[in-house]
Amino acid sequence: MNKKSRKRRVIWGIIFLTYITLLIYFLFFSDTFGRTVAYDEYRYNLKPFAEINRYFTKVKEKDYLMFFINIIGNILLFVPFGILFPFVSSKEGFKRGRNFFVTLLVSVLFCFLIEDIQLITKVGVFDIDDIIMNTTGAVIGYILYRLTFGFENKRLKNRRKAGECCRE
């Protein structure tokens, strides 16, 4: 791995760690989302789509802010994960991190970890719908990653094969 590639990898790693740090702050410590007050009991939802349906009802009742924060927010919060994970998980000779199924599996496991910590610490609620929405966000992020950087990588490979550009 040359100096330029190593530097790029370090930069992506710093961006990813910053994202994870901000994510942890908003999910566990943010006053804005009521995370500083722990519940007295364990709270959880194991019924898929129960909360999602409830928030779609909020839209019908014209409570758009509640819908946006809980549905759109949960999805958008993990789009960066799907974009950044392939950068930090792959290095020369190890392309598995750029694989859709690896990114999907790690996203689901990471979401489960977050929900488990929320349940154990009683800060937030373990919600299967959050896992569904967060994973959806990560998948959208991965698709954006492939659309943006997948074409760039293909173009560079083709140029290298044709001898048009030098090795990075």
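No other residue among K60, K161 is modelled with pLDDT of 80 or more and basic (K, R) apart from K60. Pairing residues of segment 37-57 that are in contact (Cβ under 8 Å) with a residue 24 or more places away in the chain and over 21 Å from F112 (Cβ atoms) with residues that are basic (K, R) and surrounded by 12 or more Cβ atoms within 10 Å (Cβ to Cβ), at Cβ distances under 8 Å and at least 6 apart in sequence or on separate chains, gives D40/K122.
Does F100 satisfy the condition of being at pLDDT 90 or above, in contact with a Cys (Cβ under 8 Å, 6 or more places away or on another chain) and under 20 Å from T148 (Cβ atoms)? So F100 fails the test.
Summed over segment 67-90, the residues that are under 30 Å from S5 (Cβ atoms) and not hydrophobic (A, V, I, L, M, F, W, C) give a count of 5. Among the residues of segment 117-146, just one is charged (D, E, K, R), buried (at least 19 other Cβ atoms within 10 Å of the Cβ) and either modelled with pLDDT under 95 or farther than 15 Å from F78 by Cα (or both), namely D127. If you go through segment 41-50 one residue at a time, do you hit one that is surrounded by 13 or more Cβ atoms within 10 Å (Cβ to Cβ), acidic (D, E), closer than 14 Å to F126 by Cα and at pLDDT 80 or above? No, because not a single residue in segment 41-50 is surrounded by 13 or more Cβ atoms within 10 Å (Cβ to Cβ), acidic (D, E), closer than 14 Å to F126 by Cα and at pLDDT 80 or above.
The values are calculated or read from the model by the stated rules, or taken from the named source; none is laboratory data. These numbers were taken from a predicted model, which means no experiment stands behind them. FYI the Cβ positions are ideal-geometry reconstructions off the backbone, even for glycines, and counts take in every protein chain you see.
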